[in-house]
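Written out below as structure tokens is the structure these notes cover.
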Amino acid sequence: MNPILTLLDLNLLPEDGRQYQLIEGELVMSVIANLTHQRIVTNLLLLLGKYLEQNPLGEIIVNPALLFSEFDCLVADIAYISALRREEVISCEQIFAAPDLIVEVLSNDFQSQHRDRSIKRQLYAKYGVKEYWIVSSQDHSIEIYRSPRLDLVKILQGKDILSSPLLTGFYSLSQDIFKTYQ
């Protein structure tokens, strides 16, 4: 059995360019994102960024470290933090409480998908994330989970409209998340 690690142990790791997470005291190394993954994250950032520029309700952060506890330090693809909760969530330039919305873009490997769909979703629910989007590049779908337990409320594809009660007036065709510019 591996020893339980803490945030202090995580901070002592060498700067080697890899992305590490701590899940219930277990060290997890993330897979390097492929171009499709990065394009989806970029599309979401552009859409959400444009919306937030016109509606300054909060901010989005890419690849934030979410320091939930001494044993749980997760990295999400995108986090949205409302302006109303900023002081509660961010301290000393770190995120110590649950963002309002978290987005994970699935990697192609089974282990990573299981972690995002099950383990991370359970931890996000435990720490109070209000909404969680899981984006699949394989089937061009967006799964929407909402609090209190981050239960699945809908799966979007094609011309389905992506929206959120957290982002009043934000609408996008789900297919726009998967656009490529080649």
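The values are calculated or read from the model by the stated rules, or taken from the named source; none is laboratory data. In this text the structure is predicted, and so the values were computed from the model without any measurement. When we count neighbours, we look across all protein chains shown, and the Cβ atoms used for this are built from the backbone with ideal geometry, even at glycine. All accessible areas refer to the heavy atoms of the entire protein, side chains included, with ligands and DNA or RNA removed. Shrake-Rupley method; radii C 1.70, N 1.55, O 1.52, S 1.80 Å.
List of remarks:
- Hits in the stretch 9-26 - residues which are at positive phi and either at pLDDT 80 or above or among the charged types (D, E, K, R) (or both): Glu24, Gly25
- Failed item in (1) touching a residue at least 40 places away in the same chain (Cβ under 8 Å); (2) open to solvent by 60 Å² or more (accessible area, probe 1.4 Å), with Ile177 passing the rest: (2)
- Every residue from the stretch 92-124 that is in a helix (DSSP H, G or I), surrounded by 19 or more Cβ atoms within 10 Å (Cβ to Cβ) and not charged (D, E, K, R): Leu123, Tyr124
- Residues satisfying the stated conditions in the stretch 49-83, i.e. out of contact with any strand residue (DSSP E or B) (no Cβ under 8 Å at 6 or more places or on another chain) and either farther than 17 Å from Ala125 by Cβ or not in a loop (DSSP other than H, G, I, E, B) (or both): Lys50, Tyr51, Glu53, Gln54, Asn55, Pro56, Glu70
- Residue count for the stretch 125-134, restricted to those that are in a loop (DSSP other than H, G, I, E, B) and either open to solvent by 70 Å² or more (accessible area, probe 1.4 Å) or more than 20 Å from Val28 (Cβ to Cβ) (or both): 2
- Only one of the numbered conditions (1) under 22 Å from Thr42 (Cα atoms); (2) in contact with an Asp or Glu (Cβ under 6 Å, 6 or more places away or on another chain) is not met by Lys130, and that is (1).
- The stretch 44-91, residues that are loosely packed, with under 15 Cβ neighbours inside 10 Å and aliphatic (A, V, I, L, M): Leu46, Val62, Ala83, Leu84
- When residues in the stretch 148-171 are screened for being surrounded by 13 or more Cβ atoms within 10 Å (Cβ to Cβ) and at pLDDT below 95, 0 of them pass.
- Taking residues in the stretch 32-57 that are in contact (Cβ under 8 Å) with a residue 60 or more places away in the chain, and partners anywhere that are assigned to a helix (DSSP H, G or I) and crowded, with 16+ Cβ neighbours inside 10 Å, the pairs with Cβ atoms closer than 7 Å and at least 6 places apart or on different chains are Ile40/Ile177; Ile40/Phe178; Asn43/Ile177; Leu44/Ile177.
- Only residues that are closer than 18 Å to Val41 by Cβ, assigned to a loop (DSSP other than H, G, I, E, B) and of a type in the set (Gly, Ala, Ser) were counted in the stretch 135-168, giving 2.
- Taken together, the residues in the stretch 1-43 that are charged (D, E, K, R), farther than 27 Å from Ser172 by Cβ and open to solvent by 70 Å² or more (accessible area, probe 1.4 Å) amount to 4.
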